[in-house]
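The values are calculated or read from the model by the stated rules, or taken from the named source; none is laboratory data. Please read these numbers as outputs of a predicted model, since none were measured by experiment. Positions of Cβ are backbone-derived with ideal geometry, glycine not excepted, and every protein chain shown enters the neighbour counts. Remember, those area values only see protein heavy atoms, side chains included, never the ligands or the DNA or RNA. Shrake-Rupley method; radii C 1.70, N 1.55, O 1.52, S 1.80 Å.
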Amino acid sequence: RLFSSEKLTQRDHSLPNPSWSKDLRLLFDQFMKKCEDSSWKRLPSYKCESSQRVQDFKTHFLDPKFMNEQTVHGQLFTRSFEDGLGFEYAMFCNDAEKRIVCLFQGGPYLQGVPGFLHGGAIATIIDATTGMTALLAGGIVMTANLNINFKRPIPLCSTVVLNSQLDKVEGRKFFVSCNIHSVDGKTLYSETTGLFIKLDPDKRLK
Ligand SMILES: CCCCCCCCCCCCCCCC(=O)SCCNC(=O)CCNC(=O)[C@H](O)C(C)(C)COP(=O)(O)OP(=O)(O)OC[C@H]1O[C@@H](n2cnc3c(N)ncnc32)[C@H](O)[C@@H]1OP(=O)(O)O
């Protein structure tokens, strides 16, 4: 089990694989170029975060009663599908602008209305992107509120661009907004505002 979970944590899923569309590869290459002057940074992404962050989360914030076999072997939902079938994405962050761009291709197992992405799948990639935006600014955060306006249906297997921005910080409250556009920028698929709360170590999650 240890061996397989070690294997799971090694693969960086935010790198191209054969299931990626031409659009997704092109955008990825464009953003990799932007990383050359280090204004942008690609965020690696693993099935099981073995990072210090998770340890912090588990030891400081989680009541030991929540620690069980499942918690130890949990996998990140967005990285739990075979290549191409679920969430294919790569996130790039710009620290100066407190922004994350997520290049996303939703696979056939994320279908809602035939031919289009399920609203819950769209909410998931928005939560991951806005959550990461808050996390990079504030450390261990959790989503308190996510308001999504779905403007146009997102075609299944299409490539879209999420633009997430940290708008305001008030104490432990991190306000983030995010929109989803088509690759050519002409179609606005959704607009979101979210509130993330930095966890207070003295208030163990109950
Ligand atoms: C993170 C681990 C890393 C792991 C490795 C990384 C891997 C890559 C992951 C990428 C990133 C993914 C990030 C996903 C993030 C989720 O998806 S988390 C899952 C979904 N969210 C939840 O399950 C959270 C459930 N809710 C809670 O646990 C608690 O309500 C919270 C959010 C922790 C807040 O509780 P609390 O710390 O006791 O704070 P509380 O005193 O209630 O509120 C603090 C302030 O916020 C305000 N507030 C709280 N909730 C609301 C609300 N809904 N509306 C308005 N105001 C509110 C309060 O009014 C208060 O305001 P002030 O009075 O101070 O002005």
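Being more than 22 Å from D29 (Cα to Cα) and touching a Pro at 6+ places or on another chain (Cβ under 9 Å) is a property that L117 has. Within the range 148-206, the set of residues being free of Cβ contacts under 8 Å to residues at least 24 places away in the same chain, more than 18 Å from the chain's Cα centre (by Cα) and farther than 24 Å from G106 by Cα comprises K168, E170, G171, D202, K203.
When each of N145, N163 is tested for being part of a strand (DSSP E or B), among the polar types (S, T, N, Q) and away from the ligand (no atom under 13 Å from the Cβ), the lone residue that passes is N163. Scanning the range 175-206 for residues that are modelled with pLDDT of 95 or more and part of a loop (DSSP other than H, G, I, E, B) returns V183, D184, G185, K186, T187.
Scanning the range 157-170 for residues that are open to solvent by 40 Å² or more (accessible area, probe 1.4 Å) and farther than 11 Å from I180 by Cα yields a count of 6. Of all the numbered requirements in (1) within 17 Å of the chain's Cα centre (by Cα); (2) in contact (Cβ under 8 Å) with a residue 60 or more places away in the chain; (3) within 12 Å of the ligand (Cβ to nearest atom); (4) farther than 21 Å from Y189 by Cα, F61 misses one, and that requirement is (1). Taking the stated definitions as given, is Q111 more than 16 Å from the ligand (Cβ to nearest atom), closer than 26 Å to Y46 by Cα and open to solvent by 50 Å² or more (accessible area, probe 1.4 Å)? Judged against the criteria, Q111 is a match. Count of the range 166-189 residues, restricted to those that are more than 12 Å from the ligand (Cβ to nearest atom) and among the acidic types (D, E), is 2. Evaluating F196 against the criteria (1) open to solvent by 30 Å² or more (accessible area, probe 1.4 Å); (2) within 9 Å of the ligand (Cβ to nearest atom); (3) aromatic (F, W, Y) leaves one unmet condition, (1).
Collect the residues in the range 120-140 that are open to solvent by 20 Å² or more (accessible area, probe 1.4 Å) and β-branched (V, I, T), keeping them in residue-number order. Across the range 120-140, the qualifying residues are T124, I140.
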